[in-house]
1. Nearest 20 debye, what's the magnitude of the dipole of the chain about its Cα centre given +1 on Lys and Arg Cβ and -1 on Asp and Glu Cβ?
2. Would you mind classifying segment 16-57 by shape? Square roots of the alpha carbon gyration tensor eigenvalues, ordered a ≥ b ≥ c; an a/c under 1.5 is rounded, otherwise it is prolate if a/b is larger than b/c and oblate if not.
3. So how far apart, in nm, are the two label points at residue 100 and residue 137 if each is 7 Å from Cα heading toward Cβ?
4. Using DSSP to call loops (not H, G, I, E or B), can you name the chymotrypsin sites (Phe, Trp or Tyr not before Pro) in segment 20-124 whose Cβ has at most 14 other Cβ atoms within 10 angstrom?
5. Which of the three applies to segment 51-144, rounded, prolate or oblate, going by the alpha-carbon gyration tensor with a ≥ b ≥ c and a/c under 1.5 meaning rounded?
6. Would you kindly state the longest site-free stretch of the chain, with sites defined as GluC sites (Glu not before Pro) in a DSSP loop (not H, G, I, E, B) surrounded by at most 12 other Cβ atoms within 10 Å?
7. Using a 1.4 angstrom probe on heavy atoms only, work out the carbon and sulfur share of the accessible area of segment 41-168 in %.
8. Say R0 is 41 Å: what FRET efficiency, to the nearest 0.05, do residue 191 and residue 83 get from their beta-carbon distance?
Amino acid sequence: MQTLKAQNPNQMGAWYMYFFDTKFGESQFGIQGDVQYRNWNIMGDLEQLLLRSGFTYRPKNTTIKLTLGYAHIISGALGESNDTSVESRIYQEALLPQKIGKRIYLTHRFRYEQRFVENQDFRTRYRYNLFMNIPFNKEATFQKNTIYAALYNELFINGQQDIGDGRTVEFFDRNRTYLGLGYVLNPKIKFQLGWMNQKTNAQGKGQLQVSMHHNF
């Protein structure tokens, strides 16, 4: 079995991310997406450039948000090589928020991806992410100047294992566990700084994560 390029387990990576979300006036429709610059190291060795956006729909009288979107991903090779590969990805997503008590905010994210990776056969992937945010200094809401704990765990499962030319991937794709701190600058902008560990069947790798979350 031929596997994909392994990451360097001894090198801390870094992801710099911008997330946006907006509604079209008072309608149930909107747009959300993100731009992510991912490095094999802290800065300068491109792992991935990810551009993703989708149309959202919020059913009336619910807190559910549904998304149909597209992502364009450029992946770089580890080390000094300038080789890159390109992926086009269509995805469908459902976000289901939940509140426990006064301070625990959960969000369940279900995502189904159709992946068109350069020099590989078409394949799909299933993802489930459980987010948890817990404010420290403001009760019940994320007001201006709120500091909060941000945690998540995401599981990835491949829909197909054969990717062409005798190459295969594992049924279990990866798992991500994140621990971070967030700060609410104002009702529209939040920042997070944290650490994420990404594990595959082969190994694990730590990632510094810096993100801005923008609702407008």
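1. Dipole size: approximately 1100 debye.
2. On the way: a/c = 6.91, a/b = 3.76, b/c = 1.84.
Judged from the Cα gyration tensor, segment 16-57 comes out prolate (a/c at least 1.5, a/b above b/c).
3. 2.6
4. Working: sites: 20, 24, 29, 37, 40, 55, 57, 70, 91, 105, 110, 112, 116, 122; in loops: 24, 40, 122.
The qualifying sites are 24, 122.
5. Details: a/c = 3.05, a/b = 1.83, b/c = 1.67.
Since a/c reaches 1.5 and a/b is larger than b/c, the shape of segment 51-144 is classed as prolate.
6. Numbers: sites that count: 26, 80, 118, 139.
Result, exposed sites excluded: 140-216.
7. Working: 4070 of 6890 Å².
Accessible surface attributable to carbon and sulfur in segment 41-168 totals 59 percent.
8. Numbers: r = 33 Å, r/R0 = 0.81.
My answer for the efficiency is 0.80.
The values are calculated or read from the model by the stated rules, or taken from the named source; none is laboratory data. The model shown is predicted, which means the values in this text are computed figures rather than measured ones. With ideal geometry, Cβ positions are generated from the backbone for all residues, glycine too; neighbour counts draw on all protein chains shown. What goes into the accessible areas is simple: the full protein's heavy atoms, side chains included, and nothing from ligands, DNA or RNA. Shrake-Rupley method; radii C 1.70, N 1.55, O 1.52, S 1.80 Å.
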